[in-house]
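One structure is given below, encoded as structure tokens.
The values are calculated or read from the model by the stated rules, or taken from the named source; none is laboratory data. None of these values were measured; they are calculated from a predicted model. We place every Cβ from the backbone using ideal geometry, glycine too, and count neighbours over all the protein chains shown.
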Amino acid sequence: MWTFLARRLLQSIIVLIGVTLISFISLQMGGDPTYLFVSENASVEEIARAREALGFDRPLYVQYLSYIWNALQGDFGNSLSYRQPAMDVVLQSMPATIELTFFSLVLAIGLSIPLGIYAALNRGKPVDGGIMTFAMLGQSIPNFWMGIMMILFFGLYLRWFPISGHVPFLEPLFDGDFATAFGNLPRSIYYMIMPSIAVGTYTLARNARLIRSSMLEVLQQDYVRTARSKGISERRVVIHHAMRNAWLPVITMIGLEFGFLLGGVVVVETVFSYPGIGRLVFNAINQRDIPVVQASVILLAVIFILLNLIVDMIYARLDPRVKL
Amino acid sequence: MADNTPAPSSATTQAVGGMATSYRRKELRRAFESMVTSRWALVGMLILLIVTFVAVFGPQLAPFDPNRQNIMMRLLEPGEAGAGDLTYWLGSDQLGRDVLSRLLYGARVSLLVGVAAIAVGGTLGTVAGLVSGYFGGWIDDVIMRLGDIQLAFPFILLAIMFLVVLGPGLVNIILVLGIGQWITYARIVRAQTLSLREKEYVEAARAMGDSTFSILFRTILPNIVAPLTVIASFNVAGVILSEAALSFLGLGVPPDVPTWGSMLSESRDHLLSNKWWMAVFPGLAIVFTVLAFNIIGDWLRDFLDPRLKENG
């Protein structure tokens, strides 16, 4: 177990170095990066001063090492539009994004499991066809368009849900104000329903197909047939014998899906004017606020890598066949 | 050393060539029959044909210049007639441009980006996978670890990071989306190459003194085209979705090139005034195109390798 942990940690560190390298290269790809940090009307002297102040006049390897050193301390420079450290700006938006991503994941996984199992148990019947058609459609609809359609129909036409905004839950929770946090929770969920459906539908559809397929495979195994031949109820066979093994590919998917959801959140947040990291990135793109874009991307990558590490550990614990 | 292998007679060559043609014809017929029996595949292919037709003949079909602004005709509802009795069948946008014409031109960009990005990513990934699987050792390690790093964080973030610095542009988006796909192909090609390199016919090619290039691209590659085709079909769908998302964020192609994603982006500011047509039609175009590629991908997977069928 410890060898496995050490190996995965080492891999994660290499990946993190790779992420910072890609991020650094992306900065250099457009030519002299100084131009990204100065106004369009800056004079030659001002540009030269900025180049020196930002350290872009040094050799590339020195720049990269100093970039890594600063990144390790969460220092990505000051935001060009907020005039405060970029990482501070990003961290302020993070709780809202975590809430939305987590809620979308719960929604997607929570619905895909019963749908996938139900479709597998009714293989070939109309209900199976219906679920699979829904899954195929769910994988073909852009999440941001689904958001727009929900705003038009459920928000503006039926007026069932708010079309924008957010009620914080994690922020007061982190501040130790539990009463406010849990008091806010119902409204927080209410505001997140439409955005999380938009973010989570693709994952829901893909997982429903995966779970159906995984269940069908497991249901054909000898040990399931043995369990059935022993006269165990179908419910018990499904829950205790089949599902236990069908879980494994799903757990791996959850780790990967979280990253996918984070990507989706970036786009969907802009549709719902949701005050998370996605809208922040969108505004930063429009204002060419490079430090904020880089800090956001690196932070999301770190979260993604850590989550995958945790998922791998859970996987190794659940399935002793996994080589440690 | 004298070559003692008897040269094949022209009759033999003709017979082999004839058999190959007849086999290809039989396979084509099998594919056609399979598509007709699977109704979904037929629907997918029909949608794809329509989208391709629209992409090719968009300029001839479009009633207006997609970039022609007419402030007097702004935000017309679908079916409303504009000046000169020309009807705006799908309405007009905030600058008085015809939504239908922009939609028709947008098909061109979506398909072009989808296919070109797959060509870039597919070529890179296939070469990397062939080299990685055939040579193994440190080359394999380096290529696969590079892929691990890329897969270790969400692709859309990677694309944002590069495009925000490089700036929007058709070539930039094709390159970024293409490079984002290479590892998918590399992994599949590597796995297939690993098993194929031990096969007798590859051994035979090696013994005959074929060059490594010839073994990789003439002996191994033709045998791994099937899984690549399936992946490519699903990938085009994914790339079209990514392009739409990036255009929606303002990182796609320049504003004067109409794309479905940028049309959706522009529709955001007019949602509250219920100008639904600006959002509904480009979105439907994306959904149908992506759906068609997904359906064709599913069908191709089942047709080319029934073992991979989703137990359905």
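Observations
- Residue match in the range B:93-115 (condition: touching a helix residue (DSSP H, G or I) at 6+ places or on another chain (Cβ under 8 Å), over 30 Å from B:F53 (Cβ atoms) and of a type in the set (D, E)): no
- Index of the failed condition, A:L16 passing every other in (1) over 30 Å from A:I314 (Cβ atoms); (2) within 29 Å of the chain's Cα centre (by Cα): (1)
- Selection of the range A:281-294 for residues being in contact (Cβ under 8 Å) with a residue 24 or more places away in the chain and farther than 15 Å from B:I156 by Cα yields A:N283, A:A284, A:Q287, A:R288, A:D289, A:I290, A:P291, A:V292.
- In the range A:239-261, the condition of being free of Cβ contacts under 8 Å to residues at least 24 places away in the same chain, buried (at least 24 other Cβ atoms within 10 Å of the Cβ) and within 19 Å of the chain's Cα centre (by Cα) is met by no residue.
- Members of the range B:114-144 found to be under 29 Å from B:E266 (Cβ atoms) and either among the acidic types (D, E) or within 14 Å of chain A (Cβ to nearest Cβ) (or both), listed by number: B:G114
- Taking the criterion of being of a type in the set (D, E) and more than 18 Å from A:S93 (Cβ to Cβ), the only residue of the range A:165-187 that qualifies is A:D177.
- Some residue of the range B:198-218 being under 21 Å from the mean Cα position of the chain (by Cα), more than 14 Å from chain A (Cβ to nearest Cβ) and in contact (Cβ under 8 Å) with a residue 24 or more places away in the chain: no
- Yes/no for B:G82 being surrounded by 20 or more Cβ atoms within 10 Å (Cβ to Cβ) and within 18 Å of B:L61 (Cβ to Cβ): no
- Selection of helices (runs of 4 or more DSSP H) fully inside the range B:198-312 by the criterion of at least 2 residues being surrounded by 22 or more Cβ atoms within 10 Å (Cβ to Cβ) returns B:225-248, B:260-267, B:277-304.
- Test for A:G176: is it away from every other protein chain (no Cβ under 14 Å) and either small (G, A, S) or at positive phi (or both): yes
- Residues that are more than 23 Å from B:A279 (Cα to Cα), more than 8 Å from chain B (Cβ to nearest Cβ) and crowded, with 16+ Cβ neighbours inside 10 Å do not occur anywhere in the range A:135-146.
- Count - residues of the range B:239-257 that are more than 19 Å from the chain's Cα centre (by Cα), at pLDDT 85 or above and more than 8 Å from chain A (Cβ to nearest Cβ): 1
- Hey, A:S213 small (G, A, S) and under 20 Å from A:M136 (Cα atoms) or not: yes
- Subset of the range B:145-171 (residues that are touching a residue at least 60 places away in the same chain (Cβ under 8 Å) and either at the interface with another protein chain (Cβ under 7 Å from one of its Cβ atoms) or under 17 Å from A:F24 (Cα atoms) (or both)): B:F155, B:I156, B:A159, B:I160, B:L163, B:V164
- Selected residue (criterion: nearest to A:T270 (Cα to Cα)) from residues of the range B:260-282 that are more than 8 Å from every other protein chain (Cβ to nearest Cβ) and among the aromatic types (F, W, Y): B:W260
- Number of the condition not met by A:S104 [criteria: (1) out of contact with any Gly (no Cβ under 6 Å at 6 or more places or on another chain); (2) farther than 30 Å from A:F37 by Cβ]: (1)
- Residues in the range A:46-89 that are over 28 Å from the mean Cα position of the chain (by Cα) and outside any helix (DSSP H, G or I) were compared, and the one that is surrounded by the most Cβ atoms within 10 Å (Cβ to Cβ) is A:F56.
- Hits in the range B:283-297 (condition: within 8 Å of chain A (Cβ to nearest Cβ), touching a residue at least 24 places away in the same chain (Cβ under 8 Å) and not hydrophobic (A, V, I, L, M, F, W, C)): B:N294
Residues are listed down the side, and each one gets a yes or a no for (1) within 26 Å of A:L115 (Cβ to Cβ); (2) hydrophobic (A, V, I, L, M, F, W, C); (3) in a helix (DSSP H, G or I):
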position	(1), (2), (3)
A:R206	yes, no, yes
A:L210	yes, yes, yes
A:S213	yes, no, yes
A:L216	yes, yes, yes
A:V224	yes, yes, yes
A:V238	yes, yes, yes
A:F258	yes, yes, yes
A:G264	yes, no, yes
A:L300	no, yes, yes
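- Restricting attention to the range A:30-45, the residues being hydrophobic (A, V, I, L, M, F, W, C), surrounded by 12 or more Cβ atoms within 10 Å (Cβ to Cβ) and without any contact (Cβ under 8 Å) to a residue 40 or more places away in the chain number 2.
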